[in-house]
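The values are calculated or read from the model by the stated rules, or taken from the named source; none is laboratory data. Quick caveat: nothing in here was measured; it's all calculated off a predicted structure. Cβ atoms come from the backbone with ideal geometry, glycine included; neighbour counts cover every protein chain shown.
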Amino acid sequence: MFTLVELEEIIGIPPRDFSKPLKEAAVERLKNLYEGTVIEGLGYVVMVLDAEVDPVGFLLPRDGSIYHKAIARLLLFTPRIQEVSEGEIVEITDFGAFIRVGPMDALLHISQIMDDYLSYDEKHSILLGKKTGKKLEVGDEVRFRVVAVSISPGTAGKISVTTRQPYLGKIGWIKESIEEVKEKTVAEEKH
């Protein structure tokens, strides 16, 4: 989900920043340009980590800025379809739950949580399974699979996830499933 990339850019250093060290001014400009934006085909820019700046710049007519070639190191968030990850539930609604996935929130639709009818308790902000009695609430850690990603420049972006597959869901549920399998295996070995 997170990747490091290097990006080559020509950046303008305005006159007000001439008193700063070149690298500091360049990193500041790169942060203003990229952090919190989406780069088409790469992903969401979490932060600018560092930059190498060519000390020789060039001027343009009627422009007070000095332009330098820079190679920026960026930390990107790029969720991939079918990727399995873990996150914390940050909000419960009547149509599902939102899970913090890096710098964004992913939607875990109510139909993708489990094979059980779920009811929403608005007062306590929980989703409760009718047959299983399993509940999901804010703060729970869940393991999920990414099923859809839509991140493009100029949009907030959307990530959809599922927990309806084996060994996905609330971490406590997964541990219970593993214990059940272990107990079943031990019982079968005794017979």
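Residues that are among the hydrophobic types (A, V, I, L, M, F, W, C) and surrounded by 17 or more Cβ atoms within 10 Å (Cβ to Cβ) were ranked within region 47-65; the one that is farthest from Leu4 (Cα to Cα) is Val53.
Matching residues to (1) within 30 Å of Leu107 (Cβ to Cβ); (2) in the same structural domain as Val149 (by TED's automatic domain parsing); (3) in contact with an Asp or Glu (Cβ under 7 Å, 6 or more places away or on another chain):
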| position | (1), (2), (3) |
| --- | --- |
| Glu9 | no, no, no |
| Pro15 | no, no, no |
| Ser19 | no, no, no |
| Val48 | yes, no, yes |
| Leu59 | no, no, no |
| Gly64 | no, no, no |
| Lys69 | no, no, yes |
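The residues on offer are Val181, Val161, and the sole one that is at pLDDT 95 or above and either assigned to a helix (DSSP H, G or I) or not assigned by TED's automatic domain parsing to the domain that holds Val46 (or both) is Val161. For first residues located in region 168-191 and on the phi > 0 side of the Ramachandran plot, partners that are modelled with pLDDT of 85 or more and not charged (D, E, K, R) and lie 6+ apart or on another chain with Cβ distances below 7 Å form the pairs Gly169/Met114; Gly169/Val142; Gly169/Thr163.
The rows are residues; the columns are (1) in the same structural domain as Gly157 (by TED's automatic domain parsing); (2) within 26 Å of Thr37 (Cβ to Cβ); (3) in contact (Cβ under 8 Å) with a residue 12 or more places away in the chain; (4) not β-branched (Val, Ile, Thr).
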site	(1), (2), (3), (4)
Pro55	no, no, yes, yes
Pro103	yes, yes, yes, yes
Leu107	yes, yes, yes, yes
Ile113	yes, no, yes, no
Leu128	yes, no, no, yes
Lys131	yes, no, yes, yes
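Look through region 91-145, keep the residues that are under 23 Å from the mean Cα position of the chain (by Cα), part of a loop (DSSP other than H, G, I, E, B) and on the phi > 0 side of the Ramachandran plot, and return whichever of them is surrounded by the fewest Cβ atoms within 10 Å (Cβ to Cβ). Looking at residues that are under 23 Å from the mean Cα position of the chain (by Cα), part of a loop (DSSP other than H, G, I, E, B) and on the phi > 0 side of the Ramachandran plot, I get Gly139.
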